[in-house]
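Working notes, beginning with the structure itself.
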Amino acid sequence: MEGLASFRPVPSFTSRPRSSILGKALNPRRGNSLSLPSSSSSNVRAQQMESKDDEPEPNEGNTPRNILEEIIWHKDTQVAQLKERQPLYSLKKALDNAPPVRDFIGALRAANSRTGLPGLIAEVKKASPSRGVLRENFDPVEIAQAYEKGGAACLSVLADEKFFQGSYDNMMAIRDAGVKCPLLCKEFIIEAWQIYYARSKGADAILLIAAVLPDLDIKYMTKICKMLGMATLVEVHDEREMDRVLGIEEVEFIGINNRNLETFEVDISNTKKLLEGKRGEEIRKRDIVVVGESGLFTPDDIAYVQEAGVKAVLVGESIVKQSDPEKGVAGLFGKDISLKSV
Ligand SMILES: O=P(O)(O)OC[C@@H](O)[C@@H](O)c1c[nH]c2ccccc12
């Protein structure tokens with residue numbers, strides 16, 4: 001597989017990566033369906049759904065097989081357009097004006113030792129493909145400030161517009177409003193260009209999804225983040241992905257998503273399963289910070305994933321839905337974890 005790593009050195013990166021998910025079946029750049037517009041892909045899907053046959057339709061590689069593929073497909077087209085407007089060389093210049101990077105992992109560790117509970121990455125999330133709109137009156141800055149007051153160590157800000165109704169403007173507005181929590185840019189990253197873009201918009205950390213990227217890309221992108229002073233949260237969902245990611249020595253920050261991004265099923269015992277036995281041992285030995293992600297609603301849920309070995313949690317729905325997200329944080333942990341509580 002031709003990965004990003006083959007395009008090193010970093011500064012001259014211009015080529016497009018081939019992410020594993022694109023390569024699997026539906027790279028829109030390959031085969032007969034170059035840059036298929038989403039409208040036509042949904043037409044194809046609609047036709048397939050009308051089929052009376054229960055057998056899965058043979059996928060010609062011209063329609064996404066699940067939501068994650070659909071998102072990645074769309075992202076691919078979107079990034080190509082953005083890159084044209086702002087090529088890497090000009091993006092790199094813009095980095096000089098970006099706000100200084102904050103220590104994302106350090107903030108989580110500090111919160112963990114301060115409270116004795118997992119550090120909270122509170123997510124500024126308006127909507128998701130699985131849950132629809134979570135909050136109608138959505139003021140990202142107000143929510144971010146409430147999370148911070150409530151004791152969140154870090155924030156995650158959705159940047160994807162089409163599927164999550166997020167934006168980079170939200171991230172910048174939160175930074176400009178004086179919020180001190182380090183920011184994770186919640187985006188579907190398929191190209192190194194996006195990392196520079198996220199940094200230029202004030203991100204302190206990015207997410208890499210193991211289901212989307214081959215190992216070489218994860219390794220290469222992690223190195224770029226390090227060079228930029230950012231943290232890289234590498235997200236896994238199953239044992240196979242965890243083992244792949246543990247095989248990459250640069251990785252020091254892992255998220256276990258309890259939600260399957262292909263089916264949307266959520267099961268918080270996934271965090272426990274992936275931290276059992278040898279995997280957990282290695283994680284402790286390497287002092288990797290693990291984040292329990294998705295589907296966490298109650299103090300019992302937090303205690304359960306903490307017991308499993310996480311030092312941090314990533315929470316969106318349960319706190320963003322509260323009329324007062326600051327109180328939502330206290331409710332989630334079963335106690336006041338704000339700075340004023342100690
Ligand atoms: O709203 P929840 O269930 O608390 O989940 C938050 C976060 O884990 C989830 O938004 C998430 C985790 N990994 C992702 C990758 C892409 C988009 C979203 C996500």
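For segment 100-341, divide the Cα radius of gyration by the Kirkwood radius and give the resulting Rg/Rh value with two decimals.
Values: Rg = 16.2 Å, Rh = 17.5 Å.
That ratio is 0.92, to two decimals.
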Q: Return the aspartates and glutamates within reach of Lys149: Cα separation strictly under 12 angstrom, same-chain partners fewer than 8 residues apart disregarded; answer none if there are no such residues.
A: Asp324, Glu326, Asp336
Q: Just need the Rg to Rh number for segment 174-221, please, alpha carbons only, Kirkwood Rh.
A: 1.03
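Order these peptides, 210-221, 268-279, 132-143, 175-186, by their mean beta-carbon neighbour count within 10 angstrom, highest first.
Values: 210-221: 22.5, 268-279: 18.0, 132-143: 14.8, 175-186: 20.0.
Peptide ranking by packing, descending: 210-221, 175-186, 268-279, 132-143.
Starting from the Cα gyration tensor of segment 152-290, multiply each eigenvalue by 5, take the square root, and state the resulting semi-axes largest first in whole Å.
Working: eigenvalues 125, 57, 43 Å².
Three semi-axes, in Å: 25, 17, 15.
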Q | Rounded to whole Hz, the Karplus (6.51, -1.76, 1.60) HN-Hα couplings of segment 166-180, x for glycine and proline | A | x, 6, 5, 4, 4, 5, 5, 4, 5, 5, 5, 7, x, 5, 8
Q: Starting from 0 in steps of 10 Å, tell me what percent of the Cα-Cα pairs of segment 123-206 lands in each bin.
A: 19, 53, 27, 1
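Take every Cα pair under 8 Å in segment 161-268 that's 6+ residues apart, average their separations, divide by the length, and report that relative contact order as a whole percent.
Values: 133 pairs, mean separation 21.4, N = 108.
With pairs under 8 Å counted, the relative contact order is 20 percent.
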Q. Sequence-distant or interchain residues sharing an amide H contact under 5 Å with Val234, placed H: which?
A. Leu208, Phe253, Ile254, Gly255
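Each value in this text was obtained by applying a stated rule to the coordinates, not by laboratory testing. This is a predicted model, so every value here is computed, not measured. Here the Cβ is made from the backbone with ideal geometry for all residues, glycine too, and neighbour counts use every protein chain on show.
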